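Notes for the one structure printed next.
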Amino acid sequence: MPQHVQQQRSSHGRIATRRLRRGAAVRASAQNDRTKRAAAPPMSELVTAEDEETRMWRERVRSFFCCRWRLCNTSFGSHTTNNPHNPRVFPKQNIETQAEDNERKLEQMTLQMQRLQQSVDATSETRPNVNAPPPQSRQVSDTTNEDGSDVSPSGNSKRLLYTQGLTLEPALKEFWYPVDYSSRLDGGTLIPLELFDIPWVIWRNNEGEVCAVKDSCAHRACPLSLGKVSETGCVQCPYHGWEYDKSGTVKKMPSTPFARNVKVENLVVREADGLIWAWPGEPSRAESTPIPSLLPEGSNFEQHAQIQLDVPVEHGLLMENLLDLSHAPFTHTSTFAKGWPIPDSVKFHLDSGMGIVSGAWDPYPIDMQFVEPCFVISTIGLAAPGDIRRGVKAEDCDKHLRQVHACVPASEGKTRLLYLMHLDFWPWMKNLPLMEELWLSQANQVLGEDLRLVLGQQERMLKSQGDVWGAPVAYDKVGVRYRRWRNQLASCDETKCEVETTELD
Ligand code: FES
Ligand SMILES: [Fe+2]
């Protein structure tokens, strides 16, 4: 249960307990009065005159306590006006009229208080919907600690709630995404892919351009990716042979008179740095948005591996896993973190490098960056090839292994992972036979160690059986900042605002 709800509940609980105690005291007092009244002389003998002013004040005080102590269900008249210890009492007729009047007023007050209580209870019971866009006020705070907790002005620490679900925020579409490697797309190849829940097929036309259209024929919705690239460089449907050009327009309709202006959607695609990039958002914004450069600048890094995997996990959960190094000695005990001791403390020191979050892990010699919208870049300092030594900085090492993870949102709960690995030593190694297979096997093993955990998280999250951001701590800083960025995108979907990354600092 979120802490703010717990706080509200415990606060209501205390109020309810106080009310119960007061109610019990009043009931005891009323019972006492009734006992004494039974033994008291008849009312007619006790009724004497009372001056107006005293009566007025007595009524006011009585009304005040009746409201506060919720005496509404007790007999107002008998409890107060028939008190045998009161030396001044009213004439019997006046007392009865007054009592009836007060009963009516109190019934009205009771009704009002019950309504108020119901509305307060309803507010305290409200649970955030994991898929609902988060309220903006909960996402961006000026008083956020490094561990993601929020310190209120009163000094009481309370947790921020980070909304997380499988929903792919529409604002997430307004970015360039790498969807495959240029080298995989030769002249006759059709590659199917999913991006934001839409199936696409990519191929190269006779001019060598990368083309992408919706992978669903306009005729009978057959997947075009099951067809082939025609002699004219169009994609040909395998069902009745309709052919589509790069704009998605039908150019050929065999065996029937040609119908003009039949087309399917096309996707804006480009090539850069050996990758095929797609723009799933508003096409007019693509030209004005630069494609991010993922290659290391001013160094002697060489690419040794490029891997592509389709993973059945929401891309944000995978991102958060990749942005977390503190789990390594517990999770990767069969691969790269085998034999690592558990440090007393794991920290991430921020710096002003590339991307929204950039910094260095401590005590590991690993620098890490989150680059929007879906990239985790890490540079690992090696004391010797294969030797990650604790307590040193990546920049102090002679040899480095650089990894780029691109987590591309394929559909709800599915991610296409592109992995690029660079080394700044032993350039000859990439020419050794079976190196690609070796790296792929390593990557699969490491991913397998993570995947069973992340899939478990996803299952808990979807069944509302757990909060993946229930208790962030200091080493979750990078993941928290990524999640805040995602949540801010979701709130921007509602307000159509620009993403203010500066608010994350
Ligand atoms: S379904 Fe594609 S041509 Fe008929
Ligand atoms: Fe991991």
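Would you mind counting up the charge near L322? Only other residues with Cβ under 15 Å from its Cβ, with Lys and Arg at +1 and Asp and Glu at -1. That sum, taken over residues with Cβ under 15 Å, equals -2.
Positive end of the dipole of region 301-491 (Cβ unit charges, origin at the Cα centre): among G391, L318, S358, the Cα lying farthest that way belongs to L318. A cut-off of 5 Å between modelled amide H atoms, ignoring neighbours fewer than 5 places along the same chain, links W277 with V179, R270, E271, A272. Taking amide H positions as modeled 1.01 Å from N, with prolines and chain starts lacking one, the residues under 5 Å from K228 and 5 or more places away or on another chain are Q236.
Working from Cα pairs under 8 Å separated by at least six residues, relative contact order for region 351-505 is 12 percent.
With all protein chains present, calculate the accessible area of H304 using a 1.4 Å probe and round the result to the nearest 10 Å². The accessible area comes out at roughly 10 Å². Both numbers refer to the Cα atoms of region 301-491; Rg and Dmax are 16.4, 51 Å. Between A305 and M421, the built amide H atoms are under 5 Å apart, and every one of these is 5 or more places off in sequence or on another chain. Against the criterion of solvent-accessible heavy-atom surface with a 1.4 angstrom probe, I356, I377 sort, most first, into I356, I377.
With 32 Å as the limit on Cα-Cα distance, the pairs of K228/K414; K393/K414; K251/K430 that go past it are K393/K414; K251/K430.
Sequence-ordered 3J(HN,Hα) estimates for region 206-216 from the Karplus curve with 6.51, -1.76 and 1.60 and θ = phi - 60° stand at 5, 8, x, 7, 7, 10, 8, 10, 4, 7, 7 Hz, glycine and proline given as x. Around the Cα centre of region 170-284, unit charges on the Cβ atoms of Lys, Arg, Asp and Glu (plus for the first two, minus for the last two) sum to a dipole of about 460 debye. For the set L185, L401, the ranking by accessible area, highest first and with no ligand, DNA or RNA atoms included, is L401, L185 under a 1.4 Å probe.
Taking all protein chains as they are arranged and a probe of 1.4 Å, the heavy atoms of V262 leave approximately 40 Å² accessible to solvent. Comparing P280, V250, L185 along the charge dipole axis of region 170-284, the residue lying farthest to the positive side is V250, per the Cβ-charge model. Distance from the C-alpha centroid of region 187-210 to that of region 318-368: 36 Å, rounded to the whole angstrom. Spin-label pair R220-L453: with each label point 7 Å from Cα along the Cα-Cβ axis, the two points sit 4.9 nm from one another. Remark: region 301-491 carries a charge dipole of roughly 320 debye about the Cα centre, counting +1 on each Lys and Arg Cβ and -1 on each Asp and Glu Cβ. Please give the FRET efficiency for K399 paired with K228, using the beta carbon to beta carbon distance and R0 = 56 Å, rounded to the nearest 0.05. Using R0 = 56 Å, I get an efficiency of 0.75.
The values are calculated or read from the model by the stated rules, or taken from the named source; none is laboratory data. Source: prediction; values computed, not measured. Please note: Cβ atoms are built from the backbone with ideal geometry, for glycine as well, and neighbour counts cover all protein chains shown. Surface areas here come from the heavy atoms of the whole protein model, side chains and all, with no ligands, DNA or RNA. Shrake-Rupley method; radii C 1.70, N 1.55, O 1.52, S 1.80 Å.
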